[in-house]
1. Quick test for you: out of Phe126, Phe152, pick the one residue that is in a strand (DSSP E or B), at pLDDT 95 or above, open to solvent by less than 60 Å² (accessible area, probe 1.4 Å) and not aliphatic (A, V, I, L, M).
2. Among (1) within 22 Å of the chain's Cα centre (by Cα); (2) farther than 21 Å from Phe177 by Cα, where does Asp131 come up short?
3. Taking the stretch 185-202, which residues are farther than 19 Å from Ile100 by Cα, open to solvent by 80 Å² or more (accessible area, probe 1.4 Å) and either touching a residue at least 24 places away in the same chain (Cβ under 8 Å) or assigned to a loop (DSSP other than H, G, I, E, B) (or both)?
4. If we only count helices (runs of 4 or more DSSP H) wholly inside the stretch 29-122, which ones have 2 or more residues that are under 28 Å from Glu170 (Cβ atoms) and open to solvent by less than 70 Å² (accessible area, probe 1.4 Å)?
5. Please name all residue pairs, on different chains or six or more residues apart, with Cβ atoms under 6 Å, provided the first residue is in the stretch 213-228 and is in contact (Cβ under 8 Å) with a residue 24 or more places away in the chain and surrounded by 10 or more Cβ atoms within 10 Å (Cβ to Cβ) and the second residue is hydrophobic (A, V, I, L, M, F, W, C) and assigned to a loop (DSSP other than H, G, I, E, B).
6. Quickly run through the stretch 10-68 and pick out the residues that are under 28 Å from Val182 (Cβ atoms) and aromatic (Phe, Trp, Tyr).
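The values are calculated or read from the model by the stated rules, or taken from the named source; none is laboratory data. Note that the structure is a prediction, hence the values are computed from the model and not measured. With ideal geometry, Cβ positions are generated from the backbone for all residues, glycine too; neighbour counts draw on all protein chains shown. What goes into the accessible areas is simple: the full protein's heavy atoms, side chains included, and nothing from ligands, DNA or RNA. Shrake-Rupley method; radii C 1.70, N 1.55, O 1.52, S 1.80 Å.
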Amino acid sequence: MNTRLSYSSLKAFAKSPNHYLLYKQRKMKPTPAMQLGSIADCLVLTPERFEREYSVLPEIDRRTKTGKAIYDTFLEDAQGKELVKMETYREAKSIADAVIHHREAIELLQGQKQVELSGEIHGIEFRGFADAVNSNSVIDLKTTQDASPSAFQKQAYNLMYHLQCAIYLELSGAKNFFWVAVENKAPHNVAIYAPDQDFKDRGKELLYDLCERFKAWDGTHESYSQQIEILTLPNWAK
């Protein structure tokens, strides 16, 4: 197929071609967690953009005449901006402050911010946006429920972060990749992770395999399998 892929779209294709088609057709509506993460990213990476793109809802009683007038004026001034509840802003600010006051994390995040990466991988055009790129590294800032090593390791595997790593290293030509993980609930612990060589190798292998499968796909609806699969009990149940 003649199209441009991204980490998110290829991850959907990895689940099934039908998931990829659904991903391409759907209109994304940010969840509260996604909005929180986006605002925190903005406050850390590009704080100068915040007032241009977001408007924080004032804490007023809109049932009163005065409160309604203040709210109406607010909506006029906020046209074209994304509305944010005060509670969400405060939480995002706490997340951002945790990253900003983490010396190693903020040092890693120095350099170019929100960098568009594009190019060809294994005969397919790709596009992505890196949170930060410096010297020879790509850095991704992630908000998460649990940034502890065991939890983030599980999250990384389940969400195919090894695929993300492979795509961004290929597009950027960088040698190093880092995740700055920050918890979205107090106390907003911060942790920094780097993939080992096996992690990177497995990601590259998966990337190339998915590229081959994508090129061989005819673009039609396709589910998990076209044949009967043998179902066995999981190992933990035996």
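1. Criteria check complete, one pass: Phe126.
2. (2)
3. Asp196, Arg202
4. Counting at least 2 such residues, we get 32-45, 103-108.
5. Gly219/Met1
6. Once the filter is applied, which keeps residues that are under 28 Å from Val182 (Cβ atoms) and aromatic (Phe, Trp, Tyr), the stretch 10-68 yields Tyr23, Phe50, Tyr54.
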